[in-house]
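So the structure is just underneath, and the comments pick up after that.
The values are calculated or read from the model by the stated rules, or taken from the named source; none is laboratory data. Predicted model only: the values in this text are computed from it and were never measured. Using ideal geometry, Cβ is built from the backbone for each residue, glycine included, and neighbour counts are taken over all protein chains shown. Please note that ligands, DNA and RNA were not included when accessible areas were found on the heavy atoms of the full protein model with its side chains. Shrake-Rupley method; radii C 1.70, N 1.55, O 1.52, S 1.80 Å.
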Amino acid sequence: MTPPPEAIAVDASDDGWITSDPPGPAHVVRRLVGLPTMLARHRDLIYTSVRRELEARFTGTLLGWLWPLVYPVFMFVVYYFIFARLLDLKLPDLPEGLEASMGIYMFTGILIWSGFGEGLVRATNVIVENGNLIKKLAFPTEILPLNMVLTHLVTMMFGVVAYVAVLHGSALFMETPIFPPPTAMLAWIPVLLLLQIVFTFGLGLLLATLQVFVRDTIQVTTLLVTIWMFITPIFWVANPEVMSSIEPFLDSLAFNPLYHLIYAWRVVLMSRQPEIAFVGEDSFIGSLGIFAVWSVAVFLVGYTFFVLSQRRFADEV
Amino acid sequence: MTGSISRSDGWAIEVEGLGKAYRMYKRPLDRFVEWGSAGRLQRHGQFWSLRDVNFKLRPGSSMGLCGANGAGKSTLLKVLSGITAPTEGRLKMRGRVASLLELGAGFHLDFTGRANIFMNGVMMGFSRREMAAKVDEIIEFAELGNYIDEPVRTYSSGMGLRLGFSIAVAVDPDILIIDEVFAVGDMYFQKKCIDKIYSFKQRNKTILFCSHSLYDVRQLCDEALWMRDGRAAAQGDSVYVTNEYTAFQRDHIGEQKEVLGDEIPNASDHLGASVKLPRIRDARVYRLGTEEETYEITSGDSVEIRVWWENPDPAATPIHLGVGFLRQDMTTCGGMGTHLDGLELEGTSGCTVLEMPNVKLLAGQFLVPILLLDEGGVHKYQEFLLPENLVVRSVTRDVGLFRLDHAWRLNDDRPVPAPVEREAEEAR
């Protein structure tokens with residue numbers, strides 16, 4: 001049996017001594033460099049925890065593993081009827097028979113958002129929630145928020161896979177398909193997922209650490225995530241030709257990282273046909289690049305804050 | 001990682017001037033005031049739960065922690081496990097550390113015992129494959145039978161201990177840290193744990209062990225550390241330290257409630273009134289019929305054990321005295337009790353003498369606990385330890401626990417064909 005690593009809740013310096021000195025920049029850098037190795041070493045812990053979390057949520061329920069699909073489908077139906085039918089919002093110049101496209105647009109938006117937003121809220125609370133564990137066992141605490149992020153990403157991917165399958169099915173068997181099915185752009189999904197993990201994990205670490213010291217964080221986060229959802233183009237289209245009323249707010253949209261993420265996802269999932277409403281100047285690669293910069297920056301801030309505060313967790317939770 | 005610990009000059013654990021203070025904020029706002037002022041305005045109170053603790057342990061040694069509740073034992077174990085950081089001083093642990101600080105820490109109640117073995121293992125940094133290789137050994141050691149495939153929710157605390165301890169020892173750490181968790185185990189499993197800990201020591205592993213049972217501390221540990229108010233009140237040889245601690249408790253009866261809580265009974269009944277429970281004031285070993293106190297005897301010597309006791313309310317709490325002789329591996333070599341001999345102890349105080357002519361124990365060190373029991377001999381009011389272990393030397397070379405009475409007749413005059421041969425003859 002290969003020896004597992006030594007305790008990492010409080011780490012030792014290079015000479016093996018655990019001291020009272022607060023961790024410094026060198027320490028943060030060492031932890032950052034060592035992070036991939038640490039994650040690789042604990043991959044079974046991550047895998048087991050994510051699986052347990054999913055099992056706990058879905059096994060034993062009547063619908064079981066259909067539940068990850070029910071939520072986005074339900075959202076799709078609700079928004080489709082409210083927006084596309086009731087309010088008669090449509091994407092302009094769509095070919096005949098593709099009325100569902102506004103629904104598709106909202107569906108992809110809500111799917112990706114649920115993967116991000118729910119994961120973030122759960123991650124914020126997860127360290128405090130597992131206080132008893134942190135006080136009694138030495139293990140890499142950062143794995144807790146990571147698990148939450150991954151769990152909700154997996155749930156999201158259930159929806160993504162189902163979405164792709166349904167569109168391809170409809171293209172094969174229906175005379176007028178629901179929507180053109182995505183194709184080669186799907187190859188970008190691993191990149192999108194990786195960036196989304198880095199971003200959500202970084203922000204989750206930041207908020208989860210803050211929650212240890214300030215218990216109001218979770219309340220504020222829940223609130224802000226809801227507001228954030230509405231200022232991100234999920235239920236509305238960021239194109240003045242479609243919705244002229246939003247024109248004054250379009251410039252500030254560029255500063256919303258989730259706008260770029262969801263835009264990139266939609267390009268991948270909605271096969272970016274010219275007739276579908278996207279803001280003209282934005283390019284897929286450009287949005288991906290902006291989101292990548294956001295991800296790395298947020299992650300560095302979040303992880304640094306976490307590493308600097310970590311040795312006080314057991315005293316505070 | 002493991003290479004350094006086998007070096008004879010290395011220490012397994014080094015602790016220098018270790019201290020731990022907990023911060024206490026009265027209001028959540030105070031924390032912001034501190035942050036806002038970049039630490040210039042100090043708004044937190046400090047509570048030192050550990051101060052100036054120093055010790056070093058070599059691989060293969062074991063140290064016991066004793067002391068009252070809140071003396072800092074658990075905090076020390078937490079700092080050593082790497083769960084919380086020290087506030088002052090430093091420490092160094094060489095090798096892998098496994099700690100069992102609380103029963104069922106990290107167990108998921110809805111999952112089966114078997115699933116929890118894997119969960120706990122990966123939590124400690126092992127892969128599923130490594131745990132798969134260990135799982136049979138763990139299940140075998142825990143002896144939970146069919147319960148291993150039942151949810152942990154259905155387990156009793158003793159079963160939780162079985163599973164937790166089995167996992168902790170199966171991962172084969174270099175340093176094993178155990179907080180007071182044995183108390184819930186049955187005698188059979190406690191014995192098993194102790195055997196396992198012995199085998200750990202023999203394989204050059206280091207053990208840190210915290211217990212309210214001074215008896216266990218003496219049994220298992222070469223060294224001991226008595227914690228009092230976060231500081232080391234005494235440290236060194238475990239017999240010396242536990243004696244100091246017992247002496248302190250004896251001298252401070254009535255002064256401090258927590259100290260009493262451990263071993264000197266002075267419980268309150270449910271109405272809150274203090275009930276004076278019986279207790280042993282002292283116990284010593286003398287050569288039979290003399291005033292010579294001794295703890296080193298030769299096989300065949302005669303001794304008497306004198307026990308001074310008091311029983312403020314004999315009508316409410318009738319008592320019995322028991323004396324045990326235990327070898328260091330917990331084998332009971334002999335046990336006597338006034339209830340077993342059908343006697344009764346009357347009065348509110350007294351000195352009871354157990355006369356033992358011709359003690360035939362063979363060479364070894366024996367723990368001699370004096371038990372103060374209730375009228376049925378079931379509930380143990382107190383377990384009193386003699387100031388020293390009883391050391392017996394043998395003049396003969398017999399093996400075993402006792403010298404049995406015997407004599408050899410080398411050339412007897414009975415007929416030579418053995419009965420078995422004669423019987424075979426007759427059958428033919």
Fill in: Principal semi-axes in Å for chain A [√(5λ), Cα gyration tensor, largest first]
40, 21, 18
Item to complete: Would you calculate a helix-derived [θ] at 222 nm for chain B, using -39,500 (n - 2.57) for each DSSP H run of n ≥ 4 and dividing by the full residue count, to the nearest 500?
Response: -8000 deg cm²/dmol
Response to the item:
Residue-normalised value, i.e. accessible area per residue, for chain A at 1.4 Å probe, in Å², stands at 45 Å²
Fill in: Computed label-point distance, nm, for sites A:LEU300 and B:ALA427 using a 7 Å Cα→Cβ extension
9.2 nm
Worksheet item: If you count, for each residue, the other Cβ atoms within 10 Å and average over each peptide, how do B:196-206, B:337-347, B:172-182 line up from highest to lowest?
Response: B:172-182, B:196-206, B:337-347
Worksheet item: Quick one: which bits of the range A:194-231 get at least 20 Å² less accessible when the partner protein chains are in, versus the chain alone, with a 1.4 Å probe?
Response: A:PHE213, A:VAL214
Fill in: Considering only chain B, percent of DSSP beta bridges that pair antiparallel, nearest 5
75 percent
Discussion item. How much length would be gained if the chain were fully extended between B:ARG203 and B:ALA132, taking 0.36 nm per residue of separation minus their Cα-Cα distance, in nm to one decimal?
Written reply: 23.2 nm
Fill in: Amide H contacts of B:LEU277 (H built 1.01 Å from N, under 5 Å, at least 5 apart or other chain)
B:ALA267
Worksheet item: For the range B:280-393, what is the accessible area per residue in Å² when the probe is 1.4 Å?
Response: 45 Å²
Worksheet, complete the sentence: Per residue of A:17-23, other chain Cβ atoms within 10 Å number on average 6
Fill in: DSSP beta bridge pairing in the range B:3-251, given as percent antiparallel to the nearest 5
60 percent
Worksheet item: Applying the Karplus parametrisation 6.51 cos²θ - 1.76 cosθ + 1.60 with θ = phi - 60° to the phi angles of the range B:407-419, what ³J(HN,Hα) value in whole Hz is obtained for each residue in order, glycine and proline being reported as x?
Response: 8, 9, 10, 6, 10, 7, 9, 7, x, 6, x, 6, x
Response to the item:
dims of chain B, Cα set, principal axes, largest to smallest, nearest Å -> 102, 62, 48
Practice prompt. Compute the distance in nm between two label points, each set 7 Å from the Cα along the Cα-to-Cβ direction, one at A:LEU39 and one at A:ILE231.
Written response: 2.8 nm
Fill in: Solvent exposure of the range B:1-153 as accessible area per residue, Å², 1.4 Å probe
45 Å²
Worksheet entry | Cut-off 15 Å between beta-carbons: net charge of the residues surrounding A:MET156, Lys and Arg +1, Asp and Glu -1 | +1
Fill in: Fully extended contour minus Cα-Cα distance, from B:GLU140 to B:ARG31, at 0.36 nm per residue
34.2 nm
Discussion item. So if I average 1/r over every pair of distinct C-alpha atoms in the range B:1-107 and take the inverse, what Kirkwood radius in Å does that give?
Written reply: 16.2 Å
Practice prompt. Taking every Cα atom in the protein assembly as shown, find the radius of gyration and the maximum pairwise distance Dmax, and write them in Å.
Written response: 34.9, 126
Fill in: Average beta carbon contacts from partner chains per residue of A:131-142, 10 Å cutoff
5
Worksheet entry | Normalised alpha carbon radius of gyration of the range B:3-251 [divisor 2.2 N^0.38 Å] | 1.10
Worksheet item: Can you list residues whose amide H is under 5 Å from A:THR232's amide H, if they're 5+ apart or on another chain and H is modeled 1.01 Å from N?
Response: none
Fill in: Amide H within-cut-off set for B:ARG228, under 5 Å, with H built and near neighbours excluded
B:ALA233
Worksheet item: Can you run phi through the Karplus equation (6.51, -1.76, 1.60; θ = phi - 60°) for the range B:166-182 and list ³J(HN,Hα) in whole Hz, with x for Gly and Pro?
Response: 4, 5, 4, 7, 5, 6, 6, x, 7, 10, 10, 10, 10, 7, 4, 10, 5
Item to complete: Could you check what % of the DSSP bridge pairs in the protein assembly as shown are antiparallel, to the nearest 5?
Response: 75 percent
Practice prompt. Can you tell me which of B:285-294, B:85-94, B:108-117 comes out highest on packing, and rank the rest after it, using the mean Cβ neighbours within 10 Å?
Written response: B:85-94, B:108-117, B:285-294
Fill in: FRET efficiency, 1/(1 + (r/R0)^6) with R0 35 Å, evaluated for B:ALA233 and B:LEU343 via beta carbons
0.35
Worksheet item: Expressed as a whole percentage, what fraction of the accessible surface of the protein assembly as shown belongs to carbon and sulfur atoms when a 1.4 Å probe is rolled over the protein heavy atoms?
Response: 58 percent
Worksheet entry | Relative packing of peptides A:40-51, A:133-144 - highest average C-beta neighbours within 10 Å first | A:133-144, A:40-51
Worksheet item: For labels at B:ASP282 and B:ASP412 in the simple 7 Å Cα→Cβ model, what's the distance in nm?
Response: 5.2 nm
Practice prompt. Take the range B:280-393, compute every pairwise Cα distance, and split them into 5 Å bins from 0; I just need the percent in each bin.
Written response: 2, 12, 22, 26, 18, 12, 6, 2, 0
Discussion item. Run the helix sum for chain A: -39,500 (n - 2.57) per DSSP H stretch of 4+ residues, divided by residue count, reported at 222 nm to the nearest 500 deg cm²/dmol.
Written reply: -21000 deg cm²/dmol
Item to complete: Once you've got the GNM for chain B with C-alpha springs shorter than 10 Å, pick whichever of B:TYR381, B:TYR245, B:TYR155 has the biggest mean-square fluctuation.
Response: B:TYR155
Worksheet item: What percent do you get for the relative contact order of chain A when only Cα pairs under 8 Å and 6+ apart count?
Response: 25 percent
Worksheet item: If the cut-off is 28 Å between C-alpha atoms, which lysines fall inside it for B:LYS20, apart from same-chain ones fewer than 8 positions away?
Response: A:LYS135, A:LYS136, B:LYS56, B:LYS73, B:LYS78, B:LYS92, B:LYS205, B:LYS257
Item to complete: Determine the shielding of peptide B:125-132 by partner chains: average, over its residues, the number of Cβ atoms on other chains within 10 angstrom of each Cβ.
Response: 6
Worksheet item: Out of the range B:368-421, which trypsin sites (Lys or Arg not before Pro) are coil in DSSP terms and have no more than 13 other C-beta atoms within 10 Å?
Response: B:ARG397, B:ARG409
Worksheet item: What are the residues of the range A:28-70 that lose 40 Å² or more of accessible area, with a 1.4 Å probe, going from their chain alone to all protein chains?
Response: A:ASP44, A:LEU45, A:THR48, A:ARG52
Item to complete: Please report, to one decimal in angstroms, the Kirkwood hydrodynamic radius of the range B:292-352 built from all distinct Cα-Cα pairs.
Response: 13.8 Å
Worksheet item: What ³J(HN,Hα) values, in whole Hz, does the Karplus curve 6.51 cos²θ - 1.76 cosθ + 1.60 give for the range B:201-209 when θ = phi - 60°, with x put for Gly and Pro?
Response: 4, 5, 8, 6, 8, 10, 10, 10, 9
